[in-house]
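All remarks here apply to the structure that follows.
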Amino acid sequence: MKFRSTIFLILIFIFCSIFAKSQEKSFFSNKYLIVLDVQEYYTNGKLPEYSTQKVIDSVNYVINKTASDKVIYIKRTHKLLNLSLSFPFIYVSLDTLAIRLDSRLNLVNENIFTREKANAFTLKELNDFLKQNNATEIVLIGFLSEDFLYKSVISGKKLGYDMYVIPEAIIGKSQISKNKVINNLTKEGIKIIDINGM
């Protein structure tokens, strides 16, 4: 009888473990994740290292909770104005060092799009990708909440997507300015998700 009880308890434990594991990703089951501008340009000295590392850890945590085929990386290009003594005397090029993704970022696929404008939804390739995959819900995390993230989240909502943000996986120029952006997004009807409640 004791043997049967032990087997029964083991089976209950296994079932509970499997159920808990399946619930772990349930928040992201139908959602796409856009990771915005986690690039060396922003992470190397432009922002405080302790807060940058903390946010990158949170970003990686969220990436790991999301199905790998539903993770999208967006990086911003930086143009350089070049002056030369030979023809062409003035020309524009891309700063290839600035557009590199941070090496600490967890890359789970090759869904990487490059943009020039602050709003990620100005990218035709991104919009096509989302339409082809019938995306309806999008979580947006990443860098510089005051500019790029705010504009992208509001634009996504205007395009008809259910938009979510996770404050712990977002960095701003300061904590005060980030909090202001989160408050404004709440007023706009954007869903704010606590990283611990996912």
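Were the residues from Ile112 through Asn44 laid out at 0.36 nm apart, the gain over their Cα-Cα distance would be 22.4 nm.
Cross-link check: pairs Lys65/Lys151; Lys131/Lys180; Lys131/Lys187 evaluated at a Cα-Cα cut-off of 29 Å; pairs beyond the cut-off: Lys131/Lys180. Counting charges near Phe113 (Lys, Arg +1; Asp, Glu -1) among other residues having Cβ under 13 Å from its Cβ returns a value of 0. The listed peptides 187-198, 119-130, 164-175, 63-74, ordered by packing as a protection proxy, come out as 164-175, 63-74, 119-130, 187-198 (highest mean of other Cβ atoms within 10 Å first).
The Cα center of the stretch 140-176 and the Cα center of the stretch 183-198 differ in position by 10 Å. Compute the signed sum of charges (Lys and Arg +1, Asp and Glu -1) over the other residues within less than 14 Å, Cβ to Cβ, of Lys180. Around Lys180, the charge tally is 0.
Computed from the coordinates by the stated procedures, all read-outs in this text should not be read as laboratory data. Because the structure is predicted, anything quoted here is derived from the model rather than measured. Note that each Cβ is placed from the backbone with ideal geometry, even for glycine, and that neighbours are counted across all protein chains shown.
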